[in-house]
Amino acid sequence: MLVLEVFSGATAVAVVGLAVGGVLARPGDRAAAAPVPFPAAVSPGVNAAAVPGDPGGAEVTAASAGSAKKAEKKRRDAEEKASGPSKHTDAKAVTYFKERWSGDKAVKRITDIRSGGKYLRIYTNLPESAHNSKAALDLCKRGMEYLLQEMGDQSPVVFVQARYGQNGNPVLANILGPGDTSCRLSAPRPR
């Protein structure tokens, strides 16, 4: 057992000696001790960060790599919380709402509009307590109008949702098809 411990210790000393000796053997050659740069992954449409010595870009630093990660996290969070446009945004619906009701206060509360199948989800910055509020009901009626007139859907289903919170994006008002004549929530009973 003692022989094994001595052998392990001697091996560790030899490895450290080789590492230090390799650098000291060529004191004028700093390139041997410098880390080797590698190109960063780049999204389409974004300029690539340059490798040192490459004309045409900035050097990648720990700060820039950290800010890129923060930007990506912020984009994912916005997508998950529906607090801004995402890959799921229905651009046609957003344009329709902004052009048709440009000066409307309720439309200014919209953070994202998404279509999935025959559903229209209107995400807002309204609080969870705004069940059946005037703004939520107006947006629901306008969503129904959009589906009927622009999309030709005779069975519109619209959800107006609150800003992201402890319960995700709670529904503030909805229309659930031809049998539903009001955008008011009835179940579960609003607070």
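Worth a mention:
- For first residues located in region 81-92 and aliphatic (A, V, I, L, M), partners that are surrounded by 16 or more Cβ atoms within 10 Å (Cβ to Cβ) and modelled with pLDDT of 85 or more and lie 6+ apart or on another chain with Cβ distances below 8 Å form the pairs Ala82/Thr111; Ala82/Asp112; Ala82/Arg114; Ala82/Arg121; Ala82/Tyr123; Ala82/Gln161; Ala82/Tyr164; Ala82/Asn169.
- Test: Arg142 is under 17 Å from Tyr164 (Cα atoms) and at pLDDT 90 or above: no
The values are calculated or read from the model by the stated rules, or taken from the named source; none is laboratory data. Since this is a predicted model, take the numbers as computed values, not measurements. In this analysis, Cβ positions are derived from the backbone assuming ideal geometry, glycine residues included, and neighbour counts consider all displayed protein chains.
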